[in-house]
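Asker: Sending over a structure as structure tokens; questions will come in a sec.
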Amino acid sequence: MLNNGSNLQSTQESGQSNIYAMPEKKDSKLMAIQENVIKFIRVYFNMHDKEITGDSKLRLDLGLSSFELLEMCCSLEEELKIDINEGNLRRVVTINDVVKCLYYSSKGQASPQ
């Protein structure tokens, strides 16, 4: 899984999302993944009162540490029975970045073709 927390942290602190774009056509699977990720974050990190959207920055807006992000992704991998591409995970900044990692990983792709 993720073995270089400093790389993840520097990307998170910049606040810039540099992972591939959302698919142009949002399918039901993509929307379901986004719903599940937001619900997971609300429950797992006890953020029931916080406004969370796809554009929420994990570190800057939600205050998640690199370790918490890793912990969240490991839990989501187990729950969804998929492997998240480690290279893409290092570039995660927003909720939508996590959604994209899960979406493409569920299709067996490291990134869109």
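The values are calculated or read from the model by the stated rules, or taken from the named source; none is laboratory data. Quantities reported herein were computed from a predicted structural model and do not represent experimental measurements. Glycine also receives a Cβ, built like all others from the backbone with ideal geometry; neighbour counts cover every protein chain displayed.
Asker: Of the residues N85, N46, N18, N36, only one is modelled with pLDDT of 85 or more, of a type outside the set (G, A, S) and within 13 Å of the chain's Cα centre (by Cα); which? I'd like the intermediate steps shown before the answer.
Answerer: Details: N85 fails: modelled with pLDDT of 85 or more; N46 fails: within 13 Å of the chain's Cα centre (by Cα); N18 fails: modelled with pLDDT of 85 or more.
N36 is the lone residue from the list that is modelled with pLDDT of 85 or more, of a type outside the set (G, A, S) and within 13 Å of the chain's Cα centre (by Cα).
Asker: Take the conditions acidic (D, E), under 24 Å from S28 (Cβ atoms) and free of Cβ contacts under 8 Å to residues at least 40 places away in the same chain and apply them to D55. Does it pass? Reasoning before the result, please.
Answerer: Details: acidic (D, E): yes; under 24 Å from S28 (Cβ atoms): yes; free of Cβ contacts under 8 Å to residues at least 40 places away in the same chain: no.
It is false that D55 is acidic (D, E), under 24 Å from S28 (Cβ atoms) and free of Cβ contacts under 8 Å to residues at least 40 places away in the same chain.
Asker: Moving on to the next point. Let me confirm something: among L60, L80, which residue is surrounded by fewer than 20 Cβ atoms within 10 Å (Cβ to Cβ), touching a helix residue (DSSP H, G or I) at 6+ places or on another chain (Cβ under 7 Å) and within 17 Å of I41 (Cα to Cα)? Break it down stepwise before answering.
Answerer: On the way: L60 fails: touching a helix residue (DSSP H, G or I) at 6+ places or on another chain (Cβ under 7 Å).
On inspection, the qualifying residue turns out to be L80.
Asker: Of everything in the range 26-67, what is of a type in the set (D, E) and not in a loop (DSSP other than H, G, I, E, B)? Give them in sequence order. Can you show your working first?
Answerer: Residues of the range 26-67 of a type in the set (D, E): 27, 35, 49, 51, 55, 61.
The one that is of a type in the set (D, E) and not in a loop (DSSP other than H, G, I, E, B): E35.
Asker: Just for the range 91-113: of the residues that are buried (at least 18 other Cβ atoms within 10 Å of the Cβ) and assigned to a loop (DSSP other than H, G, I, E, B), which one is modelled with the lowest pLDDT? Talk me through it step by step, then tell me what you get.
Answerer: Kept after step one, since they are buried (at least 18 other Cβ atoms within 10 Å of the Cβ), are these residues of the range 91-113: 91-105.
If we keep only those that are assigned to a loop (DSSP other than H, G, I, E, B) as well, we get 91-93.
Values: R91: 85, V92: 90, V93: 94.
So the residue we want is R91.
Asker: List every residue pair whose Cβ atoms lie under 9 Å apart, where the two residues are 6 or more positions apart in sequence or sit on different chains, the first residue falls within the range 94-108 and is in contact (Cβ under 8 Å) with a residue 40 or more places away in the chain, and the second residue, located anywhere, is in a helix (DSSP H, G or I) and of a type in the set (D, E, K, R).
Answerer: L102/E77; Y103/K29; S106/K29
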